Every structure is written in C-alpha cells, then in structure tokens.
1. Given that compact globular proteins tend to follow 2.2 N^0.38 Å, what is the ratio of the alpha-carbon Rg of the chain to that value?
2. Which residues' amide hydrogens lie under 5 Å from the amide hydrogen of Thr91, considering only partners 5 or more residues apart or on another chain, with H built in the peptide plane?
3. So which trypsin sites (Lys or Arg not before Pro) in the stretch 1-80 are both in a DSSP loop and have at most 15 other Cβ atoms within 10 Å of their Cβ?
4. How about the stretch 60-100: which chymotrypsin sites (Phe, Trp or Tyr not before Pro) there are in a DSSP loop, with at most 13 other Cβ atoms within 10 Å of their Cβ?
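Any read-out appearing in this document is the output of simple, stated calculations on the displayed coordinates, not a laboratory observation. Note that the structure is predicted; figures quoted are calculated from it, not measured. Here the Cβ is made from the backbone with ideal geometry for all residues, glycine too, and neighbour counts use every protein chain on show.
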Amino acid sequence: QVQLVESGGGVVQAGGSLRLSCVASGGTFSRYTLGWFRQAPGKARESVARINWLSGSTYYVDSVKGRFTISRDNAKNTVYLQMNSLKREDTAVYYCAASEVTTAWGEKSYDYWGQGTQVTVSS
C-alpha cells in the first residue's frame, strides 16, 4: 500500500523560504503523479503543484508560479516542494498525494494522501 510522509513545515517570515519533503513507499512510483495540496482554515483544499514521476513534467497553480518548485529524487523516492518568497496567504496545511492519473489535478483525482504538514507565514 502506498504511504506518503510529509515533513519540512514550520513558521517563516513573509519573504522567506521553506522546503517540504514527501517520502513515498509501498508502490511503483514510475506509474504515479505526485501532487502537493494545501488547505487554509475555513477553505477548501486546493491543488498547488504536481509532477509526473516518470517524465518529470510539472504543473502549478497560478498563485505559486515563479515562487514554488516541485521536484523529485528517484533514488530517495522523495518529492520536494521548494517554496520561496512566501506570503501570508500561503499559510496552510500542506499535503502530499499520489495518483495514477498522469494529469491529475484536484483532490478527487488522487487516491493516496499524507498526513499533512503545517506552514505558517508571519508578517
């Protein structure tokens, strides 16, 4: 069974950076697309970025383009989300998820989820 474990969240000042990690196990990840989501208090969970494990192709929500970078390390079965120029509105719980759909976008397309890691951006 696929398991995903996120880490790297924390408190950072606006304009700062964080790198989230998601260690994946229990599957043949060349078949999967890995995505990062976030959920702020009182808001719906939203897609942030995705990466296809085999091809490395990526996609981002407009609000993070140019600031966030998703990448993967095949040897470590790990997906990263490098977050730069953080804003207060980036404050949320960030989740890693896996899907067998190549162009998966939106939480309904993902079957496996991590437990989440809190990111808080202070002014």
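1. 0.97
2. Distant-sequence amide H within range of Thr91: Val121.
3. On the way: sites: Arg19, Arg31, Arg38, Lys43, Arg45, Arg50, Lys65, Arg67, Arg72, Lys76; in loops: Lys43, Arg45, Lys65, Arg67.
Sites meeting the loop and neighbour criteria: Lys43, Lys65, Arg67.
4. none
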